[in-house]
1. Kindly list the number of the only condition in (1) modelled with pLDDT of 95 or more; (2) surrounded by fewer than 18 Cβ atoms within 10 Å (Cβ to Cβ); (3) not small (Gly, Ala, Ser) that fails for Glu156.
2. Kindly check whether there is at least one residue in the stretch 99-111 that is in the same structural domain as Asp163 (by the TED database), within 17 Å of Ser222 (Cα to Cα), not acidic (Asp, Glu) and not in a helix (DSSP H, G or I).
3. Conditions first: (1) touching a residue at least 40 places away in the same chain (Cβ under 8 Å); (2) charged (D, E, K, R); (3) in the same structural domain as Leu342 (by the TED database). Lys276 passes all but one, so which condition is the exception?
4. Condition first: over 25 Å from Ser184 (Cα atoms) and open to solvent by 40 Å² or more (accessible area, probe 1.4 Å). Can you find one or more residues in the stretch 232-244 that meet it?
5. In the stretch 72-86, is there at least one residue being modelled with pLDDT of 95 or more, closer than 28 Å to Phe147 by Cα, surrounded by 20 or more Cβ atoms within 10 Å (Cβ to Cβ) and of a type in the set (A, V, I, L, M, F, W, C)?
6. Of all the residues that make up the stretch 166-188, how many are at pLDDT 95 or above, out of contact with any Cys (no Cβ under 9 Å at 6 or more places or on another chain) and either surrounded by 19 or more Cβ atoms within 10 Å (Cβ to Cβ) or part of a helix (DSSP H, G or I) (or both)?
7. Please indicate, with yes or no, whether at least one residue in the stretch 449-464 is closer than 21 Å to Gln402 by Cβ, hydroxyl-bearing (Ser, Thr, Tyr) and within 11 Å of the chain's Cα centre (by Cα).
8. Any residue in the stretch 99-120 that is closer than 30 Å to Val246 by Cα, open to solvent by 20 Å² or more (accessible area, probe 1.4 Å) and among the acidic types (Asp, Glu)?
Amino acid sequence: GLLYQEYRDKSTRQEIETRRLQDSQTDPEESSPSEETPSEAEPASTTENKAPPQISLLRNSNSRFNLWQDLPEIRSSGVLSILQPDEIKLQEAMFELVTSEASYYKSLNLLVSHFMENERLKKILHQSEAHILFSNVLDVMAVSERFLLDLEQRVEENIVISDVCDIVYQHTVNHFSVYITYVSNQTYQERAYKQLLQDKPAFREVISQLELDPKCKGLSFSSFLILPFQRITRLKLLVQNILKKVEEKSDRETTALDAHKELETVVKACNEGVRKMSRTEQMISIQKKLEFKIKSVPIISHSRWLLKQGELQQMNGPKTSRTLRTKKLFREIYLFLFNDLLVICRQIPGDKYQVFDSAPRGLLRVEELEDQGQSLANVFILRLLENADDREASYMLKASSQSEMKRWMISLAPNRRTKFVSFTSRLVDCPQIQCVHPYVAQQPDELSLELADVLNILDKTDDGWIFGERLHDQERGWFPSSMGEEILNPKIRAQNLKECFRVHKSDDSQRRKLGSRNRQ
């Protein structure tokens, strides 16, 4: 049997390979059979399911990474010769949601029985440390078990699965709030784990020994701790996959849309929980470093967070001196850009920053300088329509690279037109990329990527950075172009957009209702 980490990796790798094959075909339909033969490395075991036509995922610890159509009871039933190809694909999508939950439950069970309940670890950890480290994982596991039992019961009702999204909806509404609690604790959990590794050699030794156990299959303790956050995000994508395959305007489409909407609410709450913890600490840290030369602006606010910070070169002197090719024209300034405010500073001794200007973010405008020679390469104009003195002010700023300049310009003026039009404009075609290497954001304006994510390319730079918008959640940010492969087939790009519009059509209708209400 596979642990969830292995299952998830196989599943996303297969998704990448399927899309690669589709991208190489002139007609996407030519490659569709590949979706039905993902893993030759994990053949169906005919000895594991002998007599009854049941698929016992929870009780059978040997359940494998199988396709629905590979199960002996499906093959022997003759149902594959009756069902339409589209229905078989839908069955596979629903079955993957069920089998992946079984794999996830198995990994959670290992986190609890192998790590959390280890007697040596219990003696080393103080009760408060254990609480931060494992949070409410017992609640999460109980919710997964109940969810899996209901899914399994549905699968066993009939070899052709009627639906699973109604079950997903009920459990998301009634039970999945435990995920928000667990994920919101992530910042403290990570910090506590690092601190324990550093301060307690006995803890470090026991964790290392437990990780070496064959049960863990070479996976780290931290990969088990992050399981709930990965699962709730992946569950939303699995429902999206079902939604793309159900008949339009059918009952199954309605339940899939309802389940997706509720899951999206939980995922957003999880993300907000994580961000809130880290943002509050970050804002307190920044506030301590700022000294105001102008009238003081209160930095800490529940509705404010940092978007980008960094050093730029400011051009000195009147505009007529732009042609003077000398580095003395520029001096260092430091910018803190928040979601609603820009603070312009100069760094002073003692890791402090002296603020000499500020402006609301909504009153910022940017303009790129083109063909101005090497000394003015990567230079742009920042205009403050109303600065700290209630006047208009302009700054000519130089970035260290083309990507850094573009990143600042997009962050400072988010509504500025990008090189390629956004997904939300409903453009028929737009450059797209799929992620083939996971990426963890290093800066606030960057986007973390998971394997098989598909993104629209909104802008790109000559030095290897892409500004993208992920299709499944419309999150935007920068990432290195080496993390992905561009999707070259226009039919596949159009298909990706069409599927995405369908997944989010309930959101669109809700936005239209809100817009109409606001206009009234």
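The values are calculated or read from the model by the stated rules, or taken from the named source; none is laboratory data. Given the structure is predicted, the values throughout are model-derived calculations rather than measurements. Please note: Cβ atoms are built from the backbone with ideal geometry, for glycine as well, and neighbour counts cover all protein chains shown. Surface accessibility is based on the protein's heavy atoms, side chains included, excluding ligands, DNA and RNA. Shrake-Rupley method; radii C 1.70, N 1.55, O 1.52, S 1.80 Å.
1. (1)
2. Looking through the stretch 99-111, none of the residues is in the same structural domain as Asp163 (by the TED database), within 17 Å of Ser222 (Cα to Cα), not acidic (Asp, Glu) and not in a helix (DSSP H, G or I).
3. Every condition holds for Lys276 apart from (3).
4. Yes, the stretch 232-244 contains a residue that is over 25 Å from Ser184 (Cα atoms) and open to solvent by 40 Å² or more (accessible area, probe 1.4 Å).
5. No, there is no match, as no residue in the stretch 72-86 is modelled with pLDDT of 95 or more, closer than 28 Å to Phe147 by Cα, surrounded by 20 or more Cβ atoms within 10 Å (Cβ to Cβ) and of a type in the set (A, V, I, L, M, F, W, C).
6. 13
7. Looking through the stretch 449-464, none of the residues is closer than 21 Å to Gln402 by Cβ, hydroxyl-bearing (Ser, Thr, Tyr) and within 11 Å of the chain's Cα centre (by Cα).
8. Among the residues of the stretch 99-120, not one is closer than 30 Å to Val246 by Cα, open to solvent by 20 Å² or more (accessible area, probe 1.4 Å) and among the acidic types (Asp, Glu), which makes the answer no.
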